[in-house]
Amino acid sequence: MLQSKLFTKTKKEAPKDEVSKNAKLLIRGGFVHKEMAGVYSYLPLGLRVLKKIENVIREEMDAVGGQELHMSVLQEKSLWEKSGRWNDEVVDNWFKTDLKNGTEVGLGSTHEEPLSNILKDHISSYKELPVYPYQIQVKFRNEARAKSGLMRGREFLMKDMYSFCKSEEEQHEFYEKSKKAYTKIFERVGLGDKTYMTFASGGTYSKYSHEFQTLTEAGEDTIYLDESSGLALNKELLDEKENLEEFKGKDLVEHKSAEVGNIFNLGTKFSEAEGFFYLDENGEKQKVWMGSYGIGLGRVMATIAEVFADENGLVWPEAVAPYKFHIVALDVKNEEVRKTADEIHRMMERSNIEVLYDDRDLSAGEKFAESDLLGIPYRIVISENNLKEGVLEIKSRKDGEIKKIEKEKILKSLLESDS
Ligand code: ATP
Ligand code: MG
């Protein structure tokens with residue numbers, strides 16, 4: 001991709017009303033556009049990051065037997081009345097609106113009710129359970145505070161998976177599996193070292209749920225971490241500490257953190273409310289046991305931005321970077337520089353190596369500052385001086401390490417590092 005053709009531009013300043021580091025950097029880098037508080041549009045660079053996160057999540061959900069679907073945002077009131085969640089006193093962040101004929105509808109903030117209703121239409125026998133449908137879809141929540149940038153949106157993308165099982169035992173088995181899948185996801189996107197499975201309150205059915213909390217000062221949560229086991233406790237449960245086997249007598253360390261995902265046992269509350277039952281081997285009607293498993297994609301992206309950024313800008317882990325390489329050609333008016341950079345760019349694209357090529361006629365200082373802000377993992381510097389020595393420089397964004405590689409060997413070396 002030629003940077004001269006990219007319609008987004010970097011900015012020296014973020015909007016005055018933006019207070020969070022993640023949004024400031026992502027706006028300045030041209031990854032997102034702020035529409036209003038808690039509402040962001042993803043621009044080409046931001047969408048590339050988002051898609052990478054999405055693909056990691058999708059692969060791990062498919063690996064545990066997930067089946068992807070895509071549900072509507074507009075929600076029928078009656079389904080939510082059955083579970084008691086239409087009431088604004090029960091769910092205080094609904095966006096509701098009216099159809100032209102006066103019918104009231106809601107904009108989905110989660111999907112237990114409509115999904116149970118869909119499954120009821122397709123599943124009736126024990127032979128057809130368990131199932132694990134999931135979607136990666138937009139949610140609407142009229143959040144009271146939206147000061148954490150992409151971490152707390154009023155419109156945001158969520159991966160929500162739901163399990164539908166024949167028994168409580170079958171549900172708990174899948175719940176344990178989902179913990180492993182979540183651990184893998186956060187490792188793969190680069191947050192593994194800082195993300196801890198955290199006991200949190202469980203809602204109506206179960207005493208506890210589990211949150212995946214990433215340590216960051218930008219987070220809205222407080223957790224207590226047992227460094228020896230790597231398990232943590234949400235602050236709201238601190239009084240429970242001595243009742244929990246895992247934490248009894250342990251010294252816990254307080255941290256600020258962001259909830260990047262969570263998993264819940266839901267019992268039979270929603271399936272029962274929607275009238276979704278199955279017939280067992282004896283033809284007897286049985287309840288369906290549910291769980292829910294959420295991850296906020298924008299929140300994951302924002303958390304990655306917060307955790308890795310330095311004073312010069314974003315620092316993307318390779319797995320989610322918009323491009324892996326950033327060719328920065330200095331002095332593009334010099335014919336040899338231009339020719340070499342064009343050729344390397346062409347070779348890389350032909351070999352399907354993800355690369356952004358800064359082919360613009362700007363000063364080295366400007367180019368480097370922008371490259372730092374964008375946070376692409378490896379910068380390939382092509383300059384007159386380097387070419388005199390017959391080499392190119394590759395600089396790692398993360399640690400600043402510089403390697404010189406012979407010009408003739410560049411493609412081979414890049415292909416090796418890409419595999
Ligand atoms: P929180 O406690 O942060 O308000 P929640 O417990 O209500 O979130 P769920 O409804 O279970 O979260 O949503 C699942 C996941 O979706 C969360 O773990 C989080 O990653 C993400 N998420 C929730 N609310 C938002 C939001 N307003 N903006 C972005 N991501 C969100
Ligand atoms: Mg929560």
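The values are calculated or read from the model by the stated rules, or taken from the named source; none is laboratory data. Quantities reported herein were computed from a predicted structural model and do not represent experimental measurements. So basically every Cβ, Gly included, is an ideal-geometry build from the backbone, and we count neighbours across all protein chains shown. Side chains are part of the model used for accessible areas, which takes the heavy atoms of the whole protein and leaves out ligands, DNA and RNA. Shrake-Rupley method; radii C 1.70, N 1.55, O 1.52, S 1.80 Å.
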Could you give log10 I(q)/I(0) at q = 0.06, 0.07, 0.10, 0.11 Å⁻¹ for the chain, computed by the Debye formula over C-alpha point scatterers of equal weight, without solvent?
-0.31, -0.41, -0.78, -0.90
Label point 7 Å beyond Cα of Glu220 along Cβ direction - residues of segment 83-106 with amide nitrogen under 16 Å
91-95
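Pop the C-beta distance of Met347 and Lys256 into the FRET formula with R0 = 60 Å and round what comes out to the nearest 0.05. Numbers along the way, then the final one.
Numbers: r = 45 Å, r/R0 = 0.75.
The value I calculate is 0.85.
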What spacing in nm lies between the two simple spin-label points modelled at Ser229 and His122, each 7 Å away from Cα in the Cβ direction?
3.8
16 Å reach of a label modelled at Gln67, 7 Å along Cα-to-Cβ, counting backbone N of segment 85-123
115-123
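How much length, in nm to one decimal, is gained on full extension between Phe95 and His172, taken as 0.36 nm per residue of separation minus their Cα-Cα distance? Mind dumping the intermediate values first?
Numbers: separation 77, 0.36 × 77 = 27.72 nm, distance 3.28 nm.
That works out to 24.4 nm of additional length.
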Full extension between Leu411 and Leu362 adds, at 0.36 nm per residue less the Cα distance, a length in nm of 15.1 nm
Using DSSP H assignments, which helices in the chain have an axial alpha-carbon span of 24 Å or above and a mean Kyte-Doolittle hydropathy of -1.0 or higher?
44-63
In whole angstrom, note down how far apart the Cα centers of segment 126-189 and segment 250-321 are.
4
Nearest-10 value in Å² for the accessible area of Phe7, using the 1.4 Å probe
140
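How big is D for segment 325-418, in µm² s⁻¹ as a whole number, if Stokes-Einstein is applied with the Kirkwood radius of its Cα pairs at 10 °C and 1.306 mPa s?
Numbers: Rh = 13.1 Å.
Stokes-Einstein gives a translational diffusion coefficient of 121 µm²/s.
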What per residue convex hull volume, in Å³, do the alpha-carbon atoms of segment 344-392 yield?
90
Check each of the GluC sites (Glu not before Pro) in segment 387-419 and keep only those in coil by DSSP with at most 12 other C-beta atoms within 10 angstrom; list them in order.
Glu389, Glu401
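Hey, could you grab the Kirkwood Rh for segment 16-81? Inverse mean 1/r over distinct alpha carbon pairs, Å, one decimal.
Numbers: mean 1/r = 0.0678 Å⁻¹.
Averaging 1/r across every pair of different Cα atoms and inverting gives 14.7 Å.
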So which residue, out of Lys248, Lys82, Lys207, gets the largest mean-square fluctuation from a GNM of the chain using Cα contacts under 10 Å as springs?
Lys248
Using the Cα atoms as the points, what is the convex hull volume per residue of segment 130-210 in Å³?
136
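Are there any GluC sites (Glu not before Pro) in segment 183-291 that are in a DSSP loop and have at most 12 other Cβ atoms within 10 Å? List them by number.
Values: sites: Glu187, Glu211, Glu217, Glu220, Glu227, Glu236, Glu240, Glu242, Glu245, Glu246, Glu254, Glu259, Glu272, Glu274, Glu281, Glu284; in loops: Glu217, Glu220, Glu227, Glu274, Glu281, Glu284.
Here the GluC sites (Glu not before Pro) that fit, given the DSSP loop and packing criteria, are Glu217, Glu227, Glu281, Glu284.
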Before anything else, pin down the relative contact order of the chain: Cα pairs under 8 Å, at least 6 apart, normalised by residue count, whole percent.
16
